[in-house]
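Beneath this line is the structure, given in structure tokens, with notes to follow.
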Amino acid sequence: MQKPIAATGWLVTAGALALCLAPLGLMTYQLMSGHLDPDPAKRLMQGTGEWALRGLAIILLATPLAQHGWRSLFQYRRMIGLTVFLYVSLHLLLFSQVYVGWELELLLEELNERPYVLVGFAAWCMLMPLAMTSFNSARRRLGRRWRQLHRLIYPATILAWFHLFWLSRSDVGEALAYGAVFLALLGWRLRRRLARARVPRRD
């Protein structure tokens, strides 16, 4: 009886991974077939950024759902988190290739003059140690510090939202929608933390 269960688990995991990578696969197919957009580099940057934001929202949603008995999504947070880092890294690589041409001086100028570039880069810097320590061996080595380190996802999410907001300029509807989602999910955590703090400790 164990083998069919194990096989089913692998199939579900493979399916979850395929869903995570499906947007990237679709964008790659559209790029190779010439159907992506008149400006494919810009569309790829937008697409990778959008799916990174959606991934962050899904990760933050996993814990509230688990608290209400829906634990399926919670089990795939690591996979989704690594996929988010992949999309953010591709987003950054595209920016470095297309807009600054890997010129350090131009990159530093962009970071100084455009706040959305700076906060986006800061969000990527916060997500990088989370990706590097997402494995069980790193969790065992870090112990309690692992959980503290992975709370960086909260400021990283806030910075990612500011990145979108500053990019939106006059059309801020999408940014406000993401902001409402992030505010609700982060507010749920803050309210839960405050509720725990009010519970008196037993001697």
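The values are calculated or read from the model by the stated rules, or taken from the named source; none is laboratory data. All values derive from a computational prediction rather than experimental measurement. Neighbour counts run over all protein chains shown; Cβ positions are idealised from the backbone, glycine included.
What to note about this one:
- Cβ pairs under 6 Å, 6+ apart, first in the range 189-203 and under 13 Å from T63 (Cβ atoms), second modelled with pLDDT under 85 and not aliphatic (A, V, I, L, M): none
- Test: Y29 is at pLDDT below 95, part of a helix (DSSP H, G or I) and either buried (at least 17 other Cβ atoms within 10 Å of the Cβ) or of a type in the set (A, V, I, L, M, F, W, C) (or both): no
- Of the helices (runs of 4 or more DSSP H) lying entirely inside the range 111-189, not one is found with 1 or more residues being surrounded by fewer than 17 Cβ atoms within 10 Å (Cβ to Cβ) and in contact with a strand residue (DSSP E or B) (Cβ under 7 Å, 6 or more places away or on another chain).
- Candidates A156, A175, A180 - the one that is in contact with a helix residue (DSSP H, G or I) (Cβ under 7 Å, 6 or more places away or on another chain) and at pLDDT 95 or above: A156
- Residue within the range 51-59 that is buried (at least 16 other Cβ atoms within 10 Å of the Cβ), part of a helix (DSSP H, G or I) and modelled with pLDDT under 95 present: no
- Some residue of the range 76-84 being within 8 Å of the chain's Cα centre (by Cα), within 24 Å of R191 (Cα to Cα), part of a helix (DSSP H, G or I) and of a type outside the set (G, A, S): no
- Residue check for P40: touching a residue at least 60 places away in the same chain (Cβ under 8 Å), surrounded by fewer than 19 Cβ atoms within 10 Å (Cβ to Cβ) and of a type outside the set (D, E): no
- Listed by first and then second residue, the pairs linking a residue in the range 169-186 that is closer than 21 Å to I58 by Cβ and touching a residue at least 40 places away in the same chain (Cβ under 8 Å) to a residue that is surrounded by 15 or more Cβ atoms within 10 Å (Cβ to Cβ) and not hydrophobic (A, V, I, L, M, F, W, C), with Cβ atoms under 8 Å apart and 6 or more places separating them unless they lie on different chains, are F182/T157; L185/P64; L186/Y154; L186/T157.
- From the options Q46, Q67, residue that is surrounded by fewer than 17 Cβ atoms within 10 Å (Cβ to Cβ), under 30 Å from R192 (Cα atoms) and polar (S, T, N, Q): Q67
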